[in-house]
1. Applying the selection to the range 152-198, what residues are at pLDDT below 95 and either touching a Lys or Arg at 6+ places or on another chain (Cβ under 8 Å) or assigned to a strand (DSSP E or B) (or both)?
2. Of all residues in the range 242-269, which are surrounded by 17 or more Cβ atoms within 10 Å (Cβ to Cβ) and either in contact with a His (Cβ under 9 Å, 6 or more places away or on another chain) or under 22 Å from Gln200 (Cβ atoms) (or both)?
3. Output the residues belonging to the range 222-241 that are under 17 Å from the mean Cα position of the chain (by Cα) and surrounded by fewer than 22 Cβ atoms within 10 Å (Cβ to Cβ).
4. Identify the single condition in (1) touching a strand residue (DSSP E or B) at 6+ places or on another chain (Cβ under 8 Å); (2) touching a residue at least 40 places away in the same chain (Cβ under 8 Å) that Lys91 does not satisfy, given that it satisfies every other one.
5. Please work out which residue is farthest from Leu175 (Cα to Cα), limiting yourself to the range 216-270 and to residues that are touching a Pro at 6+ places or on another chain (Cβ under 6 Å) and assigned to a helix (DSSP H, G or I).
6. Using the structure shown, decide if Arg201 is at pLDDT 95 or above, over 24 Å from Arg83 (Cα atoms) and surrounded by 13 or more Cβ atoms within 10 Å (Cβ to Cβ).
7. State whether the residues of the range 67-76 include one that is part of a loop (DSSP other than H, G, I, E, B), surrounded by 13 or more Cβ atoms within 10 Å (Cβ to Cβ) and among the aromatic types (Phe, Trp, Tyr).
8. For the range 40-57, does any single residue satisfy the condition of being surrounded by fewer than 12 Cβ atoms within 10 Å (Cβ to Cβ), outside any helix (DSSP H, G or I) and modelled with pLDDT under 70?
Amino acid sequence: MRRIPLAFLFLSLVAAAHAQLVDEFNPPRANCCLANTAKSLADQLLDWNQLGRYHAANQELRRQPADAKRVVFMGDSITDGWRLNEHFPGKPYVNRGISGQTTPQMLVRIYPDVIDLRPAALVVLAGTNDVAHNTGPETAEMVQENVMAMTELAQHHGIKVVLCSVTPISDYPFLNQPAGGRGGQAGGRGMMMRPRQTDQRPPADILKLNAWMKDYAAKSGAIYADYFTALVDEKGWMKEGISADGLHPNAEGYKLMVPVVEAAIQKALR
């Protein structure tokens, strides 16, 4: 069977995604270079759930004696960017967050990145990228079943589970940008407006997922960590000033999350 060149396939997919005429030629700026982009895409497809990200670190940790107070944080970029050693000094907390991931990807990582590390507890912060369709459309039931599977697998291996609410989002950073229209250029050539977080992650979907998660945690014997309440303002958005993009907490945002999850962990370990 004749193989189709990867670059040709990549260009075909891009063309199909934009198969319509436009009134004005204003394409997004491409990264240099196409060959590097194609290789990066191929690498991602080969390790779509990024099992390789923590493989070496896991091997090293497994050679060490199990710590009775070890806690693994499983999540996406909000966990990935959290400097646990700074916010929880002296605690044997292990970060296994990967930017951009959704619950089906995390579920595949549950053995190598969590269970095999023999932690006392697992902290799961997931769902915002499922709402945003990072790995394709999902129903609420699909997301719920992924969370349930992670919880039940961990509990089956004697690991306590903390389920964290999806954090709120906001459009404050977008509203603070220079005028120029959503999706257009502003402030000079090449400066693109960021998309609204509320378009990518409808707040109503986050509220529904959090309501389910709180109820499921109570039914399953997991502990619910309510980040949402700690970070939300009277408008229902993430508080202004604790995020640079309306999604990821900054240092001040993480400070608000620390006591929430620490209390949940201690409750779980009791």
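1. Pro173, Phe174, Gln177, Arg182, Gln185, Gly190, Met192, Met193, Pro195, Arg196
2. Ile242, Ser243, Gly246, Leu247, His248, Pro249, Gly253, Tyr254, Met257
3. Asp226, Phe228
4. Of (1) touching a strand residue (DSSP E or B) at 6+ places or on another chain (Cβ under 8 Å); (2) touching a residue at least 40 places away in the same chain (Cβ under 8 Å), only one is false for Lys91: (2).
5. Phe228
6. For Arg201, the condition - at pLDDT 95 or above, over 24 Å from Arg83 (Cα atoms) and surrounded by 13 or more Cβ atoms within 10 Å (Cβ to Cβ) - is met.
7. Within the range 67-76, none of the residues are part of a loop (DSSP other than H, G, I, E, B), surrounded by 13 or more Cβ atoms within 10 Å (Cβ to Cβ) and among the aromatic types (Phe, Trp, Tyr).
8. yes
The values are calculated or read from the model by the stated rules, or taken from the named source; none is laboratory data. All values reported here derive from a predicted model rather than from experimental measurement. Don't worry about glycine lacking a Cβ; one is built from the backbone with ideal geometry, like all the others, and counts go over all protein chains shown.
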